[in-house]
Amino acid sequence: MDISILKEMFPVLLQGSLLTIELTIISVILGTLIGIVTALLKLSKNKLMKGVAGFYTWIFRGTPMLLQLIAFYYVLPFVGVQLSPFQTAIIGLSLNSGAYMAEIIRGGILSVDKGQFEACKSLGFTYLDTMKRVVLPQTFKIIIPSVGNEFITMLKDTSLVSTITMSEVMRKAQILSASTFRPMEAFFIAGCLYLFMTTIFTTVFSHYEKKLSVY
């Protein structure tokens, strides 16, 4: 392994890792918002809304993310919808994350004591007020470990957007490997960057998990 080549490749791959982090943060935030709505729909007594939410999670949890990204980027143009690689990545990753977050949030809501729902109802709270003021704040404390796992999973799964020409860290490693014929150095740095990023975010989520568990 050539140290001088490692030094040359590192800045390029570091730049790609910044895009990886950007994609992860945006996708998990949007996925969480989608997950909240979907979880509430799945808990709804309206059969139509419950069915739509169930169908969405069934599709996105039951098919590979790679297939979803390819469908958005390469198939949608045949029906007149043209998306840029970045738009495709954000939409694909967010919808996939939203399906998993929906189940995480739904599980968190169901774990809240039913007596609190009844207490809110007796106080005249609407369903939305109950969720917003009482249930969801408790739910987010409960699901912090699961959200952390989803974040780390999404961080690693962003490598799949290299198939739609997004120049995140994995795509840049592939390009450097092909142009320099030095795959060992390129993928070694990529692996180290992924390990560094996952370690940092795992530590952050562990900190908040411990902090919230005090209360």
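Numbers for the structure displayed
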quantity: Apportionment of accessible area to carbon and sulfur, the chain, percent (1.4 Å); calculated: 69
quantity: Whichever lysines have a C-alpha closer than 28 Å to that of Lys7, once near sequence neighbours (fewer than 8 apart) are set aside; calculated: Lys156, Lys172
quantity: In Å, descending, principal axis extents of the Cα set of the range 89-163; calculated: 54, 22, 14
quantity: Heavy-atom accessible area ranking, 1.4 Å probe, most first, across Val28, Val37; calculated: Val37, Val28
quantity: Links that overshoot a 30 Å alpha carbon limit, given the list Lys114/Lys211; Lys50/Lys114; Lys47/Lys211; calculated: Lys47/Lys211
quantity: The chain, helix-only ellipticity at 222 nm - DSSP H runs n ≥ 4, -39,500 (n - 2.57), divided by all residues, nearest 500; calculated: -26000 deg cm²/dmol
quantity: Whichever aspartates and glutamates have a C-alpha closer than 15 Å to that of Lys121, once near sequence neighbours (fewer than 8 apart) are set aside; calculated: Asp113, Asp129
quantity: Of the DSSP H helices in the chain, those whose Cα atoms cover at least 20 Å axially and whose Kyte score averages 0.5 or more; calculated: 3-42, 85-111, 183-213
quantity: Cross-link partners of Lys210 among lysines (Cα-Cα below 21 Å; sequence separation of 8 or more within a chain); calculated: Lys141
quantity: Sequence of Cys120, Cys192 from largest to smallest accessible area, 1.4 Å probe; calculated: Cys192, Cys120
quantity: Solvent-accessible heavy-atom area per residue, rounded to whole Å², over the chain at 1.4 Å; calculated: 56
quantity: Cα shape, the range 112-215, gyration tensor, a/c 1.5 rule; calculated: prolate
quantity: Distance histogram in 10 Å bins (all Cα pairs of the range 1-153, percent per bin); calculated: 10, 30, 29, 18, 9, 3, 1, 0
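The values are calculated or read from the model by the stated rules, or taken from the named source; none is laboratory data. Everything numeric here is computed off the predicted structure, so don't read it as measured data. We work out accessible area using only protein heavy atoms, side chains counted, and drop any ligands, DNA or RNA first. Shrake-Rupley method; radii C 1.70, N 1.55, O 1.52, S 1.80 Å.
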